[in-house]
Amino acid sequence: MDLNTLLARLMKEAGLTLYMVGVSTVFTVLLGLPLGVWLITSARDGLSPRPVLNKILGFIVNVGRSLPFIILLLLLIPFTRALVGTAIGSTAAIVPLTVAAVPFFARLAENSLREVEPGLVDAARSMGASKWQVISKVLIPEALPSLVLAVAITIISLISYSAMAGVVGGGGLGDLAVRYGYQRYETGVMVATVIFLILLVQGIQALFGWLSDRLKYHQ
Amino acid sequence: MIRTEHLQKSFGQQNGQDLHALRDVSLRVGKGQIFGVLGESGAGKSTLIRCINLLERPDSGEVWVDGQELTGLPEAELRQARRQMGMIFQHFNLLNSRNVSENIAFGLELAGVDPDARRKRVEELLDLVHLSDKAKAYPRQLSGGQKQRVGIARALATHPKLLLSDEATSALDPQTTLGVLDLLKDLNRQLGLTILLITHQMDVVRRICDHAAVMREGRVVEQGPINELILNPDGVLAQAIFPPSEPIPAEAGWHSATLTFLGDSAREPLLAELVRSFALDVNILGGSIQPVAGNRVGRLQVQMKGPRLTEALQWMRERGIQVELH
């Protein structure tokens with residue numbers, strides 16, 4: 001592969017990776033944050049304790065996290081087909097990526113929310129806050145700097161998962177590295193992909209780290 | 001203003017013993033009072049104050065605030081009732097994600113007050129707690145005393161009639177503590193605010209409270225107007241203010257006594273008059289005068305001798321002096 005072709009290919013596959021990771025990150029946060037909130041509010045010392053429900057939720061989340069992504073990817077093929085009409089391609093890959101990342105992010109979000117001082121919840125309740133107001137005006141805003149970092153960790157994990165999307169024809173950087181760099185012995189492609197991935201991850205971590213610091217309110 | 005009836009709260013067992021946080025607590029706090037609940041840590045006073053606005057639910061008993069029984073209220077009405085009670089905390093519990101103005105506006109926002117009215121009220125409150133220049137500062141940029149002032153302003157935003165103070169000065173240095181206590185006293189006078197505070201600091205009770213209760217192991221062991229509590233020589237509060245000293249044995253022919261006097265009688269030249277009117281010999285063995293709740297309370301250990309001693313004792317009691325003969 002000459003340099004121009006390599007760069008063009010790299011850009012195309014990077015676009016696919018960003019598409020898969022970007023969309024699944026949005027869905028992951030939309031589904032995982034409520035799940036994280038639910039994990040913490042239903043806990044024994046939570047806002048509305050439901051210990052049995054909490055145990056069940058915790059169990060399901062742990063099941064989701066204990067399956068290796070490659071297996072989850074294959075297991076979910078029928079589900080993916082039912083949901084998006086096909087199990088092949090990068091759009092289809094978004095389904096297993098999201099399913100894998102939701103429990104992961106939910107646990108991270110739960111930890112972030114747990115770090116909010118219980119006294120702040122007391123203060124809000126003493127002023128007549130409803131449970132929903134405690135969640136939306138205290139827990140999430142106060143945990144935001146930490147939640148932002150949790151999103152960064154999730155994105156980086158999703159980039160790593162997305163390397164396996166090639167299995168279902170999802171394409172992306174990982175797929176490029178496997179098919180050209182490994183199977184066709186094109187070391188240049190492998191090196192270029194690796195360098196690109198390193199820069200991508202560093203960039204994401206730096207961006208979200210900066211964002212988190214900005215949100216830390218003059219600490 | 002506050003009436004609790006037989007509050008019970010248990011937090012399970014430890015070492016086979018019931019961990020009782022509250023045992024049969026019946027408290028009476030009148031309108032306009034500054035009522036201090038004094039007790040060591042673990043005495044249950046924190047649980048008690050959290051039961052007043054039901055942050056903690058008692059296992060049994062009733063909580064009446066301003067004529068309303070709270071434990072039976074549905075959630076929505078309870079939230080409404082809580083807006084009639086402000087609360088301040090030992091660690092201030094300000095929201096780090098909001099600046100001073102936004103923190104103060106928080107309760108108004110929760111209550112659905114519109115932004116214009118909110119802004120106006122916040123300005124009044126900033127003025128009230130002397131923090132107008134810190135409106136845009138974040139909690140982390142404030143000192144402890146300033147944080148507590150924000151806490152007080154925030155608690156008062158919805159015009160509550162009652163302020164609950166959970167060890168509000170315990171994390172502050174002595175100088176700042178005095179500032180915050182003076183502010184509470186002013187608010188009590190200016191706004192007629194009833195204040196229920198819990199503390200382990202005797203000085204807090206002595207400086208601003210007019211009524212007090214003492215808690216031990218989940219029970220209220222005494223409560224009432226401070227002036228009365230102090231005159232009870234066996235009382236916990238009286239002994240905390242005047243730690244019992246070694247009784248000094250009277251010499252032969254002398255009668256030893258402890259005299260406790262309050263308010264005006266602490267200023268009068270009492271002993272001089274005793275000596276003059278009853279030809280009594282009085283010998284002072286020890287004593288101190290302590291400021292309590294804006295009053296001066298004196299306690300003297302004396303020994304006395306003279307033929308008209310009984311008459312003299314009668315004369316002192318008529319003047320409201322507590323006389324305890326040993």
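The values are calculated or read from the model by the stated rules, or taken from the named source; none is laboratory data. These numbers were taken from a predicted model, which means no experiment stands behind them. Heads up, the Cβs are rebuilt from the backbone with ideal geometry, glycines too, and the neighbour counts pull from every protein chain shown. For the accessible areas, the whole protein counts, side chains as well, though only heavy atoms, and no ligand, DNA or RNA atoms are used. Shrake-Rupley method; radii C 1.70, N 1.55, O 1.52, S 1.80 Å.
Quick look at the numbers
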| read-out | value |
| --- | --- |
| Above-threshold pairs, the threshold being 32 Å between Cα atoms, out of A:Lys131/B:Lys9; A:Lys216/B:Lys45; A:Lys55/B:Lys147; A:Lys216/B:Lys120; A:Lys137/B:Lys9; B:Lys45/B:Lys120 | A:Lys216/B:Lys45; A:Lys55/B:Lys147; B:Lys45/B:Lys120 |
| Vicinal HN-Hα couplings computed from phi for region B:110-118 (Karplus, 6.51 cos²θ - 1.76 cosθ + 1.60; Hz; Gly/Pro x) | 4, 7, x, 6, 6, x, 5, 5, 4 |
| Magnitude of the charge dipole, region B:2-237, Cβ model with Lys/Arg +1 and Asp/Glu -1, debye to 20 | 580 debye |
| Amide hydrogen neighbours beyond the local backbone of B:Ser26, cut-off 5 Å, H modeled | B:His6, B:Leu7, B:Val220 |
| Given charges at Cβ of Lys, Arg, Asp, Glu: the protein assembly as shown dipole, positive-most of B:Leu229, A:Gly172, A:Leu144 | A:Gly172 |
| Euclidean distance of C-alpha centroids, region B:275-319 and region A:130-162, integer Å | 70 Å |
| Förster radius 25 Å - calculated FRET efficiency between B:His326 and B:Arg296, Cβ distance, rounded to 0.05 | 0.55 |
| Convex hull volume of region B:186-326 per residue (C-alpha atoms, cubic angstrom) | 121 Å³ |
| Unit charges on C-beta of K, R, D, E only; dipole of region A:3-218, Debye | 340 debye |
| Viscosity 1.002 mPa s, 20 °C: Kirkwood-radius Stokes-Einstein D of region B:29-124 over Cα pairs, µm²/s | 136 µm²/s |
| Region B:177-263, Cα convex hull volume normalised per residue, Å³ | 129 Å³ |
| Histogram of C-alpha separations across region A:90-140, 5 Å bin width, % | 5, 18, 19, 15, 12, 11, 9, 7, 4, 1 |
| Protection-proxy order for peptides B:84-93, A:38-47, each taking the mean of Cβ atoms within 10 Å per residue, highest first | B:84-93, A:38-47 |
| Shielding score for B:79-86, defined as the mean number of other chain Cβ atoms within 10 Å | 3 |
| For region B:243-325, size of Cβ-based charge dipole, Lys and Arg +1, Asp and Glu -1, in debye | 140 debye |
| Rg(Cα) / (2.2 N^0.38 Å) computed for region B:243-325, rounded to two decimals | 1.06 |
| Debye log10 I(q)/I(0) at q = 0.08, 0.10 Å⁻¹ for chain A, Cα point scatterers | -0.35, -0.53 |
| Under 5 Å, built H, 5+ apart or other chain: amide partners of A:Ser130 | none |
| Peptide-level mean, for B:137-149, of C-beta atoms on other protein chains within 10 Å | 1 |
| Extension gain, B:Ser26 back to B:Asn283 (0.36 nm per residue minus Cα-Cα distance, nm) | 88.2 nm |
| Cα-Cα separations in region A:1-75 greater than 19 Å, expressed as whole percent | 59 percent |
| Rounded accessible area per residue of the protein assembly as shown, 1.4 Å, Å² | 47 Å² |
| Kirkwood Rh in Å, taken over all unlike Cα pairs in chain B | 22.0 Å |
| Region B:161-205: mean projected area of Cα convex hull, nm² | 2.9 nm² |
| FRET efficiency estimate (nearest 0.05) - Cβ-Cβ, A:Gln183 to B:Ala76, R0 56 angstrom | 0.30 |
| Set of region A:171-196 residues, backbone N closer than 15 Å to the point 7 Å along the Cα-Cβ line of A:Val84 | A:171-173 |
| Peptide A:127-137 - average C-beta neighbours from other chains (10 Å radius) | 5 |
| Rh by Kirkwood over Cα pairs, then Stokes-Einstein D for the protein assembly as shown at 1.002 mPa s and 20 °C, µm²/s | 76 µm²/s |
| Per-residue ³J(HN,Hα) for region B:197-208, Karplus 6.51 cos²θ - 1.76 cosθ + 1.60, θ = phi - 60°, Hz, x for Gly and Pro | 10, 10, 7, 9, 9, 3, 4, 5, 4, 5, 7, 10 |
| Among A:197-204, B:29-36, B:217-224, B:160-167, the order from most to least packed when residues are scored by Cβ within 10 Å on average | B:160-167, B:29-36, B:217-224, A:197-204 |
| In Hz, Karplus ³J(HN,Hα) per residue of region B:155-165 (6.51, -1.76, 1.60; θ = phi - 60°; x = Gly, Pro) | 5, 8, 4, 8, 6, x, 8, 9, 10, 9, 10 |
| Accessible surface ranking that places the most exposed of B:Arg154, B:Arg98 first, with a 1.4 angstrom probe | B:Arg98, B:Arg154 |
